[in-house]
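Here is the structure we will look at, set down as structure tokens.
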Amino acid sequence: MTVKKIAVLTSGGDSQGMNAAVRAVVRSAIYHGLEVYGVQRGYYGLINEDIRPMDLRSVGDIIQRGGTILQTARCKEFLTPEGQQLGADNLRKHGIDGLVVIGGEGSYQGANKLSKLGIRTMGLPGTIDNDIPFTDVTIGFDTAVSIVVDAINKLRDTMSSHERSSVVEVMGRHCGDIALYAGLASGAETILVPEVPFDLDEVAKRMEANFQVGKRHSIIVIAEGAGNAQSVADRIKESNGIDARVTVLGHIQRGGTPTHNDRILASRLGDFAVRQLISGDSGKACGVIKGELVTTDIDKVVHSKKEINRELYELALRLSQ
Ligand code: ADP
Ligand code: F6P
């Protein structure tokens, strides 16, 4: 049995490229002769029946926009079996036989629950964190990393003038990828991620040695999951006396126009999810591995952990002397 009427929602923390993914789902569905609906505010809208028809024009002029036109939410009620059942019942009530969930790890847990309740579900990795396994990259990660790199470029100018150290805290929840990729791309001296243990006294010693051989600044990028930037800065100053200034980039990392990489990724994945539903597939997470579109059982994805790329981590270490 194939699908005739599908819905799409965005959930959890938004990410740049979610709009491009919604556009791709809607336009691909219509191209293939399906009816398509948008659920407002993620699982909150599912529970509260905020489900609206979408047409080709409803997704016009959004490919370049950050945020999500469907809006998003963190919905506590959906964490309960009753909330999940109500969500599934509401989809059936509206005659919807397929759902595309665009979100992060938590949203995938929700999609997995719906799938177990018999809803044909496809997950698309929409999060800046890049913390979803079985895909090389998530929608929004490329843009977030670009924002961090741009910020570090600016910090580097002023840090060099003053011969200071800069501690930059980035997002990523339990995942160090934003810190790792942005740190490597911006030539940071130190990258602190939750996946790799570190010793701040060693960091301070290395920084002192670097200043002694002529470095005029030092950039430390810390993933939020690895600790707090202010306490790192205090500890460095205490250890080697070098003035360290703190920048917490916060939600700036989640806004702004998506890069072409995120738009293309979102477009490919959105169209792929629709085609998979039409082919009868369900209960899957869509991703890209080595450039190829893939699906993996969503149950497997939510029970697996994304590993840090050790090769890139070691490379960043080697090049930061
Ligand atoms: P993200 O999807 O960005 O990781 P969250 O972790 O906040 O964001 O998850 C988004 C929403 O997904 C939650 O508010 C909740 O409604 C739903 N969700 C999260 N975890 C579960 C779970 N274990 N079971 C069912 N729904 C979940
Ligand atoms: O999952 C995306 C993310 O931006 C994480 O990097 C961060 O820890 C969290 O969401 C912040 O959540 P909120 O928007 O609720 O402050």
Here, residue 196 and residue 85, labelled 7 Å along Cα→Cβ, have an inter-label distance in nm of 4.8
Identify, among 194, 175, 248, the residue whose Cα sits farthest towards the positive end of the charge dipole of region 142-255, taking +1 on the Cβ of Lys and Arg and -1 on the Cβ of Asp and Glu, with the dipole about the Cα centre.
248
Going by Cα centres, region 1-34 and region 165-235 are how many Å apart?
38
Longest principal axis of the chain (C-alpha) makes with the long axis of helix 141-162 (C-alpha) an angle, in degrees to the nearest 10, of 20
Exposure proxy check on 245, 120: fewest-to-most Cβ neighbours within 10 Å is 245, 120
Spacing of the two label points (7 Å from each Cα toward its C-beta) at residue 257 and residue 5, in nm
3.8
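Helix-derived [θ] at 222 nm for the chain: sum -39500 (n - 2.57) over DSSP H runs of at least 4, divide by residue count, nearest 500? All intermediate terms of the calculation are to be shown ahead of the outcome.
Working: 11 runs with 136 residues, N = 321.
The helix-only estimate for the chain comes to -13500 deg cm²/dmol at 222 nm.
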Using only the alpha-carbon atoms, how far is helix 200-212 inclined from the longest principal axis of the chain? Give it as 0 to 90 degrees, nearest 10.
60
What would the Debye formula give as log10 I(q)/I(0) at q = 0.07 Å⁻¹ for the alpha-carbon point model of the chain, no solvent?
-0.31
As a footprinting exposure proxy, order 271, 14 by other Cβ within 10 Å, with the fewest listed first.
271, 14
Have a look at 222, 309, 125 and report the one farthest towards the positive end of the charge dipole of the chain, computed about the Cα centre with Cβ charges (Lys/Arg +1, Asp/Glu -1).
125
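Cβ under 13 Å from residue 237's Cβ, residue 237 left aside: what net charge do those residues give with Lys, Arg +1 and Asp, Glu -1?
For residues surrounding residue 237, the net value is -2.
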For the chain, percent of DSSP beta bridges that are antiparallel (nearest 5) comes out at 20
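Mean separation of Cα pairs under 8 Å and 6+ residues apart, divided by the residue count of region 90-228: what relative contact order is that in percent?
Working: 219 pairs, mean separation 30.8, N = 139.
Relative contact order comes out at 22 percent.
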Determine the gain in length on full extension of the stretch residue 319-residue 264; use 0.36 nm per residue of separation and subtract their C-alpha separation, reporting nm with one decimal.
16.7 nm
What does the highest-first list of 203-209, 86-92 look like by mean Cβ count within 10 Å?
86-92, 203-209
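Among 18, 54, what is the fewest-to-most ranking by other Cβ atoms within 10 Å?
54, 18
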Using a simple charge model, +1 on the beta-carbon of Lys and Arg, -1 on the beta-carbon of Asp and Glu, nothing else, what dipole does region 144-205 show about its Cα centre, in debye to the nearest 20?
200
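Over the residues of region 137-275, compute the C-alpha Rg and express it relative to 2.2 N^0.38 Å.
1.14
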Hits among lysines - C-alpha to C-alpha of residue 305 under 19 Å, sequence gap 8 or more where chains match:
113, 284, 290
The chain: angle of helix 105-116 to the longest principal axis, Cα-based, in degrees nearest 10
20
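Values in this text are rule-based calculations from the coordinates and carry no lab data. Since we're looking at a predicted model, the values are computed, not measured. All Cβ positions, even for glycine, are placed from backbone atoms using ideal geometry, and neighbour counts span all protein chains on display.
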